[in-house]
Amino acid sequence: MTLELTSDEIRSLMHMVSLALYVTEANQDAACTQDLDAMQVAADKVFEAGWREGHRDIAEFDATSGQYMLRDPYVADSVYAKSIQEFEDDFFWGELASALAERDLKLKGGQGMDPVEMSERLQDLEDHYLDHFTDHGVDHLRLINPKPHQ
């Protein structure tokens, strides 16, 4: 099979593959990482194609491993790094807001609500928390009665 891509499309594919590898490698669930070796073989081919196309700011050849890999400056300072940071931030704050909203709704007796009303209340609470986190970050978060750190 042959896939014809322009140089810009290869560059975009390199970005996409690098992000997919990051998410897969970061996952702790073995079922999600079972195809990681096959993904890395495919990524090596994409990175090689990009390297040969001149995208050496993204990929480099490692003679020790015999593989093409992401260059450290790309990992640290590129759209790749910015995309990952934005994803992690959005995920963290979204999960925190969702968990707090569910807790608050449960404390207010929201289990008996009809599904539409419950969904609307949860969204309102999540929005409230997200707005607060946008304005204050973690400055107003406190653990009440935490177990002592040992």
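Nothing in this text is a laboratory measurement; each read-out follows from the coordinates by a stated rule. Being a predicted model, the structure only gives us computed values, none of them experimental. Note: ideal-geometry Cβ built from the backbone for every residue, glycine included; neighbour counts use all protein chains shown.
Charges only on Cβ, +1 for Lys and Arg, -1 for Asp and Glu: so what's the dipole of the chain about the Cα centre, in debye to the nearest 20?
It comes to approximately 440 debye.
Just to confirm my numbers, what's the Cα centroid distance between segment 1-41 and segment 79-143 in Å?
The two parts, judged by their Cα centres, are 30 Å apart.
What does the highest-first list of 130-140, 116-126 look like by mean Cβ count within 10 Å?
Output ranking for 130-140, 116-126: 116-126, 130-140.
Which aspartates and glutamates, on any chain, are close to Lys82 with Cα under 17 Å apart, when same-chain ones fewer than 8 places away are left out?
Within the straight-line limit of under 17 Å, Lys82 reaches these aspartates and glutamates: Asp57, Asp72, Asp90.
Where a Cα-Cα gap under 24 Å defines reach, which lysines qualify for Lys147, not counting those fewer than 8 residues away within the same chain?
Lys106
In percent, what relative contact order does segment 80-136 have, based on Cα pairs under 8 Å that are 6 or more apart in sequence?
44
What list do you get for Ser65, Ser98 if you sort them by fewest beta carbons within 10 Å? Don't skip to the end; give the middle numbers.
Numbers: Ser65 9, Ser98 16.
Neighbour counts put them in this order, fewest first: Ser65, Ser98.
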